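To start, the structure itself, in structure tokens.
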Amino acid sequence: MSEQAHIDREEYNITVYTENQVGLLTRIAMIFSRRKMNILSLNTSPSEIEGIHRFNIVIHETEEVVSKICRQIEKQVEVLKVYYHTNEDVIWQEMALYKVPTDVIAEKVKVERLLRENGARAVVIRRDYTVFETTGHREETDNLIKILQPYGLIEFVRSARIAIIKDSDGFNRKLREFERAEPSHEVVENEYLNSREKVFSM
Amino acid sequence: MLSGGQALLHALTVEGVDTIFGYPGGAIMPIYDALYDFEPNIKHVLVRHEQGGIHAGQGYARSSGKVGVVFATSGPGATNLVTGLADAQIDSTPLVCITGQVFAHLLGTDAFQEADVIGITTPVTKWNYQITDATEIPEVLAKAFHIARSGRPGPVLIDITKNAQLQKFEFKGYTPCDHIRSYRPKPIVRHEYIRAAAELINKAQKPFVLWGQGVMLGSAETEFKAFLEKTGIPAAWTIMGAGALPSDHPQNVGMLGMHGNYGPNVMTNECDVLIAVGMRFDDRVTGRLDKYAKQAKVIHLDIDPAEIDKNVKTTVPVWGDCKETLPLLTQMVETKQHPAWLAKFREFEQKEIDAVIREELFPASGEMTMGEVIQQLNELTKGEAIIVTDVGQHQMVACRYAKLNQTRSNITSGGLGTMGFALPAAIGAKFGTLDRTVVAVIGDGGIQMTIQELGTIMQSGIDVKIMILNNQFLGMVRQWQELFHERRYSFVDITSPDYVMVAKGYGIAGKSVNQREDLTAALQEMLHHPGAFLLEVMVTKENNVFPMVPQGCSVSEIRLK
């Protein structure tokens, strides 16, 4: 890879709108693995539109590579639309959970201050351990690890990234417009499909 | 009430399927049981290996333009389809493969003949799906056919568990599908891009058209010819596009790529506007990308948006089915001729004839060449036969020299380069077009990879002409070893059986020739023989296919020797 390509690499947030279909995750993941590209973060969840799922994928690449890979993803049958954005174009969050021994924390830490300074909250407080939660960018959630580490951090977990674009239009309208603008033909799917349980008997 | 197997066969009937290539086994037995009642409306061709079955399906699809249908059982049956799926995927061939699967309750238990077929075939299919409940069969089959044949076509695999094949359910009929929520097979044609493309073409001094299989997949041969004849632009083809414009059309200037013609390769780096129609700039066509057509503005017509800018940066992308976009473009371009520019291609052609072609097609003495065999075949078939080639030197020679007057006449494994493709693909091609002569041109390496399909020919009685060009080497590898590995001929010396005897064992007539004076008569005998015929032609051992763009070189660095 040329030096220029290295310099031009940055984090991109890929948003994929798909139908909810078994095996699609593998199909999408393979598009990256086939090209020896590492996925930094991957989150899937239902979207605000019924039957449509949303993938958030983060990769570190050049825009040229990202745009090509997005077209390859969009080419998959069950994929409706793919967008990509730089970190500047999105509002993104990751969630982190920290499990620490309750007695140490209670004795040695000014918990109230810790929570306030790190935007954290206690999720569970038990006799043996306490779980804190915080959300934010990587450096913010990393920071709390550093603080809690000396107090016997037992377990730490961080979620995949979720992101929403700053562009005020949002995806919802675009997606609905897209579905309106590109209806290939009149929908004449198998008439029995939508009422399968009612129509077919075993 | 129908069983899942019966519902599947009903679905295939509604889809107009008349031929299935397959091999039965434990996990697909209920479907084969249902098939028993559907003959003779649906013909089943019993192949000798599932790989043969899927290549036959590909040959059928490529010759007829219909969807090829293939049956295989679970586990080893299904995994034997993988090569053909990869081949069909890269060459955009519409296929629906149905594989049996173990009972749903056994999935994931390493049951007898169980393999994760969906997992294995995901990267080599346009779409795949596992059915575990019979009620899914009509819906999924309808989707499968729609996906396989629409947009950029491709292979689809449906894996059906045995319980779903056996399960009885109330079958309410089958309606073909033409819409899937998330699937847009045809991009919307953007007229502003058509206008921009027409402007570029109208201003061009040295425009050049490259076409690929997309012209045939879109059934746009007529539209393509009309566009070419109005603009007067010279046009060259990829091996997948061969035949979409007749070989002797005055604007057809030859084959592109590694073993393509001299003129079109050199002129790619001299044209000012490059118009790519339904082709994907494969590395075997472009050579070094950083030295490919850098001076040209590129117009790319393709149905698959992912192909635009994938390899070559496009100035004007024309998304869409070329059957729609070409007429729009033709309307907007000026009627022109480019006699001086076209003449340059013919100059290079003359140079190539003097340096390579004459000696290859009309050798004065010595052993027979592959080129002269193809030349003789052209004479006798008058360019009307379907030529199915395997992979290697003979493939490049056949693609270079075969005369193709009709579309869908060149069937070859272009993208994957699958040895063993030709014999089964020729069987399928013949089933797809019973009224045409089908000649399989195969090397002595490739024939031995799927030679068992002679048994399929024997049993089905299909009339396929098999021509083995035997140079007693794995010729293309040997050529590379000669040119790039200091003649270290590592494991390319391959011994053949007595092919005529082998054919005889399968009840197929055959002949072997090694003298030039016997060639024409032998070819005539093959072509006139009622039924299948195997002709082995002994050709010169160490002949190289030239011209050649060496790997890592620019197309304009093409070597004549």
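Say a site is exposed when it is one of the GluC sites (Glu not before Pro), sits in a DSSP loop, and has at most 16 other Cβ atoms within 10 Å; what is then the longest site-free stretch of chain B? Value returned for the longest uninterrupted segment is B:1-169. For the range A:91-158, the equivalent ellipsoid derived from the alpha-carbon gyration tensor has semi-axes of 19, 12, 11 Å in decreasing order.
Using the 1.4 Å probe convention, the accessible area of chain B works out to 36 Å² per residue with neighbouring protein chains retained. Between A:Glu112 and A:His137, the C-beta separation translates, for a Förster distance of 22 Å, into a calculated FRET efficiency of about 0.40. Accessible-area loss of 20 Å² or more (1.4 Å probe, protein heavy atoms, chain alone versus all protein chains) is found in the range B:180-225 for B:Arg181, B:Ser182, B:Tyr183, B:Arg184, B:Ile188. Bridging of B:Lys351 to lysines at a Cα separation below 21 Å is possible for B:Lys206, B:Lys403, B:Lys561, once same-chain residues fewer than 8 apart are set aside. What separates the Cα centres of the range B:167-189 and the range B:68-122 is a distance of 22 Å.
Each label was represented as a point 7 Å from its Cα along the Cα-to-Cβ direction; for B:His105 and A:Asn38 these points are 4.6 nm apart. The share of Cα pairs per 10 Å bin across chain B, counted from zero up to the longest distance, runs 4, 18, 27, 25, 18, 8, 1, 0 percent. Ligands, DNA and RNA left out, the accessible area of the protein assembly as shown computed with a 1.4 Å probe is 51% carbon and sulfur. What number, in percent, do you get for the relative contact order of chain B if the mean sequence gap of Cα pairs under 8 Å and at least 6 apart is divided by its residue count? RCO, chain B: 15 percent.
Listed by chain and number, the lysines whose C-alpha is less than 20 Å from the C-alpha of A:Lys108, apart from same-chain residues fewer than 8 away, are A:Lys99, A:Lys146.
In summary, the lysines within cross-link reach of A:Lys75, defined as a Cα separation below 25 angstrom excluding same-chain residues under 8 places away, comprise A:Lys36, A:Lys174, B:Lys66, B:Lys126, B:Lys143, B:Lys186, B:Lys310, B:Lys313, B:Lys323. Based on the Kirkwood radius over alpha-carbon pairs, what value in µm²/s does the Stokes-Einstein equation return for the translational diffusion coefficient of the range A:10-88 at 25 °C and 0.890 mPa s? In µm²/s, the coefficient rounds to 196. Kirkwood radius for the protein assembly as shown, taken over all pairs of different Cα atoms as the inverse mean of 1/r, rounds to 28.7 Å.
Beta-bridge orientation, chain B: approximately 5 percent antiparallel, per DSSP, counting only bridges with both partners inside. Measuring from centroid to centroid over Cα atoms, what is the spacing of the range B:42-57 and the range B:422-494 in Å? Centre-to-centre distance over Cα atoms comes out at 17 Å.
Peptide packing for B:94-103, B:287-296 was compared via the average number of neighbouring C-beta atoms within 10 Å per residue; ordered from the highest value, the list is B:94-103, B:287-296. Chains B and A together bury roughly 3400 Å² of accessible area, counting both sides, with a 1.4 Å probe on protein heavy atoms only.
Using the Cβ-Cβ distance between B:Glu482 and B:Lys382 with R0 = 35 Å, the FRET efficiency computed as 1/(1 + (r/R0)^6) comes to roughly 0.50.
Placing +1 on each Lys and Arg Cβ and -1 on each Asp and Glu Cβ, with no other charges, gives the protein assembly as shown a dipole about its Cα centre of roughly 740 debye. The stretch between B:Ala364 and B:Lys561, if pulled fully straight at 0.36 nm per residue, gains 69.1 nm over its current Cα-Cα span.
The values are calculated or read from the model by the stated rules, or taken from the named source; none is laboratory data. Worth saying up front: this structure is predicted, and the values here are computed from it rather than measured. Positions of Cβ are backbone-derived with ideal geometry, glycine not excepted, and every protein chain shown enters the neighbour counts. Areas reflect the complete protein model, heavy atoms only, side chains present, ligands, DNA and RNA absent. Shrake-Rupley method; radii C 1.70, N 1.55, O 1.52, S 1.80 Å.
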